[in-house]
Amino acid sequence: EELVAKAVDMPQPALREIFREIVATCFSLEQPVVVAFSGLDGGFVHAAARSRFGVAAEYITTDSVPAAIDEVSRQRASYAVVPFETRADGLLQSTIAALTMSEVKIVGAFELVVNLQLASKAASFAEIEKVYAVAKDRAHCQRFLATELPGAQVLDVKTPLGACQLAAADPRAAALVHEGFIAEFALEIVKRNVRDDGDERVRYAIVGTRPSSRTGNDFTGLVVAVNDSPGALHEILKQFAERGVNLTKIQSRPTPGESWQYLFFIEVEGHATDRAIIGAIEEVRRLSKFFKVLGSYQLT
């Protein structure tokens, strides 16, 4: 009864994360999943992948988005989780380029608010003598470290998981890490949200080989290269407008391997199997110099 009472009082975002982890872990136990991700062990993308597939899944770390997607193409991984869009930089060129050159599809997308926590077995700032962090995370927390821990020695490590391991072995040490990895090392959060620039909103894509099913709340991503003629882009966009398909995003990106040529990434509401979108796609394919559907996905 006490646990139920505490659950009722728990903030909704925290409660959602708990149930998401339960569902993801149960799914992984029923059908073991191998998930590739781009980035460091214990980094934000790793944390994002675990938030969707649970701790029971097997994870493959890769050094780039194309490498993570290639793991799926070669059937060494069931899915890949890669950063797709950030609030600061918009759509990520490396992800769009890798998807454009691959036969895999976006099958899901989700947004996370990411930040860094100072975690330790120490009870207070006064006890912390060392801070372990990867170079990028350290750079994002320079003001915090200088202000709150001016006397602490800041030591670089190769991965955030390595920072957790070192902090767990030394009661006078701390780590700058994502919250998702703190509990398994028996660390406690000494200070929350220590990035100098505050929260970062990141949209991640889940990539797989089989297209997603329609949910009724879908988006479809496309890439298009238009012919070099007046009104060419207008003619393509008109195909969606005439069929009542809402465009949620359009952004140009350089065409890989070609100078001063651009691809347009277009996101529309609806699934690629919807009748209106099927009609628009047929016409856009005919009018375009290059056209590809990157996938349909529910954004959660």
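Charge tally for residue 243 (other residues, Cβ to Cβ under 13 Å; Lys, Arg +1; Asp, Glu -1): -3. Shown for segment 65-214: lysine pairs separated by 8 or more places, or found on different chains, whose C-alpha atoms are under 18 Å apart, numbering 5.
Report the full-extension gain for the segment residue 192 to residue 276: residue separation times 0.36 nm, less the Cα-Cα distance, to one decimal in nm.
Residue separation times 0.36 nm, minus the Cα-Cα distance, leaves 25.6 nm.
Using every pair of distinct Cα positions in segment 241-300, the Kirkwood expression returns a hydrodynamic radius of 12.8 angstrom.
Across the chain, the relative contact order, built from alpha-carbon pairs under 8 Å that are at least six residues apart, equals 19 percent.
Remark: relative contact order (segment 178-300) = 35 percent; criterion is Cα-Cα distance under 8 angstrom and separation of 6 or more residues. The label-point distance for residue 262 and residue 136, in a model that sets each label 7 Å from Cα toward Cβ, rounds to 2.7 nm. In plain terms, the C-alpha convex hull of segment 166-250 casts an average shadow of 11.4 nm² when viewed from every direction. Atom-type composition of the exposed protein surface of the chain places 52 percent of the accessible area on carbon and sulfur (1.4 angstrom probe). Once both labels are positioned 7 Å from their Cα atoms along Cα-to-Cβ, the gap between residue 283 and residue 241 label points is 1.1 nm. For segment 90-220, what are the per-bin percents of Cα-Cα distances with bins 5 Å wide, up to the bin holding the maximum? Cα pair-distance distribution for segment 90-220, in percent: 2, 10, 17, 18, 13, 10, 10, 9, 6, 4, 1, 0.
Within straight-line reach of residue 238, meaning a Cα separation under 18 Å, sit the following lysines at least 8 residues removed in sequence or on another chain: 249, 289, 292.
Taking all C-alpha pairs of the chain, those more than 28 Å from each other amount to 47 percent. With protein chains left intact and a 1.4 Å probe, residues in the chain average 52 Å² of accessible area per residue. Among beta bridges identified by DSSP and lying wholly in the chain, the antiparallel ones come to about 75 percent.
Compactness check for segment 200-285: Cα Rg over 2.2 N^0.38 Å is 1.18.
The values are calculated or read from the model by the stated rules, or taken from the named source; none is laboratory data. A quick note: this is a predicted structure, and the numbers were derived from the prediction, not measured. Counting neighbours? That spans all protein chains shown, and the Cβs are built from the backbone with ideal geometry, glycine included. Calculation scope for accessible area: heavy atoms of the full protein, side chains included, ligands and nucleic acids excluded. Shrake-Rupley method; radii C 1.70, N 1.55, O 1.52, S 1.80 Å.
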